[in-house]
1. Find the residue count for the stretch A:37-56, including only residues that are modelled with pLDDT under 75 and β-branched (Val, Ile, Thr).
2. With the structure loaded, tell me whether residue B:302 is touching a residue at least 12 places away in the same chain (Cβ under 8 Å), open to solvent by less than 60 Å² (accessible area, probe 1.4 Å) and in contact with a helix residue (DSSP H, G or I) (Cβ under 7 Å, 6 or more places away or on another chain) or whether it fails that test.
3. Going by what's in this entry, would residue B:144 be described as in contact (Cβ under 8 Å) with a residue 40 or more places away in the chain, within 28 Å of residue B:381 (Cα to Cα) and of a type in the set (A, V, I, L, M)?
4. Which residues, counting only those in the stretch B:216-245, are at pLDDT 95 or above, outside any helix (DSSP H, G or I) and open to solvent by 10 Å² or more (accessible area, probe 1.4 Å)?
5. Hey, could you check the stretch B:43-63 for residues that are surrounded by fewer than 17 Cβ atoms within 10 Å (Cβ to Cβ) and not hydroxyl-bearing (Ser, Thr, Tyr) and say which is farthest from the other protein chains (Cβ to nearest Cβ)?
6. State yes or no: is residue B:269 out of contact with any Phe, Trp or Tyr (no Cβ under 8 Å at 6 or more places or on another chain) and either farther than 21 Å from residue B:357 by Cβ or open to solvent by less than 10 Å² (accessible area, probe 1.4 Å) (or both)?
7. Please go through the stretch B:112-166 and pick out each residue that is on the phi > 0 side of the Ramachandran plot and surrounded by 24 or more Cβ atoms within 10 Å (Cβ to Cβ).
8. Filter the stretch B:406-458 for residues that are of a type in the set (D, E, K, R), open to solvent by less than 10 Å² (accessible area, probe 1.4 Å) and touching a strand residue (DSSP E or B) at 6+ places or on another chain (Cβ under 7 Å) and give the result.
Amino acid sequence: MRSVVESKKLKVFNIGTSWFVRPIEDQGLEVYNIDWSPPVKIDKDILSILKKLGRK
Amino acid sequence: MEEKYHIIEGKYVDSVLLMQISREIEKMKGVSKASCMVGTAENISFLEMAGFHPPSGVSSNSVIIAVEADSSQMTEAAIEKALELIDTGMIQHKTSYTLNDLPDLIEEGDFPVVFVSTPGEYVFNIADKALDSGANLHIFSSNVPLEQELKLKRKGAEKGLFVMGPDCGTSIINGKGIGFANALTSPGDIGIIGSSGTGIQELSVLLDRNGLGVSYAIGVGSNDLKQYIGGIMTKQALSFLKERCSAIALICKTPDPSVEKEILGNLGDIPSVFISLGRDQKYSSGSTYVTGVIDDGVSHLIKQIKRGHTAEQEPFPSTRFIEQERKLLRGFFVGGSLCYQAQAILHGKGIHVYSNSPADKKYLVGKDFENVDVCIDTGSEEYVSGRPHPMIDPEARNALVVKDSRRSDVRVILLDVILGYGSAEDPIAGLEQIQEGPVVVASICGTESDSQGYASIRKRLEGTGIVVFRSASRAAEYAASLMG
């Protein structure tokens, strides 16, 4: 039988839905929430105008 | 009664949060029903089925809040509360961090795992940065382009880090479950590698029930054994587990033959089973047993490890009379792999079921499947667009079961119930409305230590006349026996 001992500390970082956070915490693990939101999508026409204005 | 709708245009809110907010709002005084959803066509139909009258022109880029309450003040208050929760989220985190903080948060002696569940189009940049910070990845998200998956897995392998997924539902690290996983109790050191989330759950639960504890399950995602990815993470998981486990179980669907050959070669002399769901041959090669059915793989490992022991096979109950005009089999699954396995078992018994996720491509069916035998994966893309996965919100799947129980031409209804971390608090809500007539057969993947409680779920299902099995393959075999 090989060793089952793991000396490393499992640390979870959550990005996205918070649904799975509590079940992980319930097992005694540390969970860190990483803020995330989708990048703002800029319309191609607006982007080209901004580029022309040199304000990209 | 007053009905009110509020549309938020162009805002991303994850569908699980919207489901949680709906439930929170429904608890408010005077509110009879509430629903917050992404405005997909399917969700608008769902609102209409629930008795709402949503305005026209709602797009899938918007969120719709629908409330029915005793007065207009109450609908206003409910919508205000929903908007507040959309802004703040359901869990108030003590501290929140950004990806840039990751390197500082990872300390010497940590085994860091970044769990990613954003929409697939955003995964690459997040995952790439996480790997640069020295973190392993559990990518729950699907719809990540294959070339991005390959880049991430190559980078992970170079750094000695795991890239579990994309499309990875389950992992177990040193006995702790991440994503959808069960509360396992048997001590032990079996390692699992799987490209199938519910397959890993079913396998781990059946091993655990037979006293073989699972210490690790490395989910590699559904594409890892394709030729294009070449099993990069399966190979890495194998090296990792061979150092830590006394036996290894691999579970997958349709692996590329050349990748499979390489993986089988890498297993060496460690006791192992290779379960390729749906495969009809069984054979042993050295210390490895190859099969297509989860139960068979479990039985083999038990015989190999616990010499003199055999897995108990659940007996079929005595069959009751079923009317001649009842001819159809209807399977509605929340677990894609269990759906796939059921199809393979049924095909093997000469029952050719159609599916939206077919084990045999010639039996592919769209949404028009009223008059054929089917096994439907209700977790596939067309059913979950803008909605949480049915393991989180089983309402729509359970409604399909109830609806078909009312038909006079349905002979057997087959379903799976998945318990454990991440699964719905009440995965069988609504099933008490099942009508007498067809034989309803369910399998439960779960343990007594799961928060939903195996025994209480089983008792409730049996109380509504459902025939219950511990294993999904046994349930499918029983369903097949009723079709004769």
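The values are calculated or read from the model by the stated rules, or taken from the named source; none is laboratory data. A quick note: this is a predicted structure, and the numbers were derived from the prediction, not measured. Quick reminder, even Gly has a Cβ in these numbers, built from the backbone with ideal geometry, and neighbours come from all protein chains shown. Calculation scope for accessible area: heavy atoms of the full protein, side chains included, ligands and nucleic acids excluded. Shrake-Rupley method; radii C 1.70, N 1.55, O 1.52, S 1.80 Å.
1. Looking only at that region, the number is 2.
2. Values: touching a residue at least 12 places away in the same chain (Cβ under 8 Å): yes; open to solvent by less than 60 Å² (accessible area, probe 1.4 Å): yes; in contact with a helix residue (DSSP H, G or I) (Cβ under 7 Å, 6 or more places away or on another chain): no.
Against the criterion (touching a residue at least 12 places away in the same chain (Cβ under 8 Å), open to solvent by less than 60 Å² (accessible area, probe 1.4 Å) and in contact with a helix residue (DSSP H, G or I) (Cβ under 7 Å, 6 or more places away or on another chain)), residue B:302 does not qualify.
3. No, not satisfied.
4. Scanning the stretch B:216-245 gives B:223, B:225, B:226, B:227, B:228, B:230.
5. B:53
6. On the way: out of contact with any Phe, Trp or Tyr (no Cβ under 8 Å at 6 or more places or on another chain): yes; either farther than 21 Å from residue B:357 by Cβ or open to solvent by less than 10 Å² (accessible area, probe 1.4 Å) (or both): yes.
Yes, satisfied.
7. Here is the first cut: in the stretch B:112-166, the residues on the phi > 0 side of the Ramachandran plot are B:134, B:143, B:160, B:165.
Scanning the stretch B:112-166 gives a single hit, B:165.
8. Within the stretch B:406-458, B:416 is the sole residue that qualifies.
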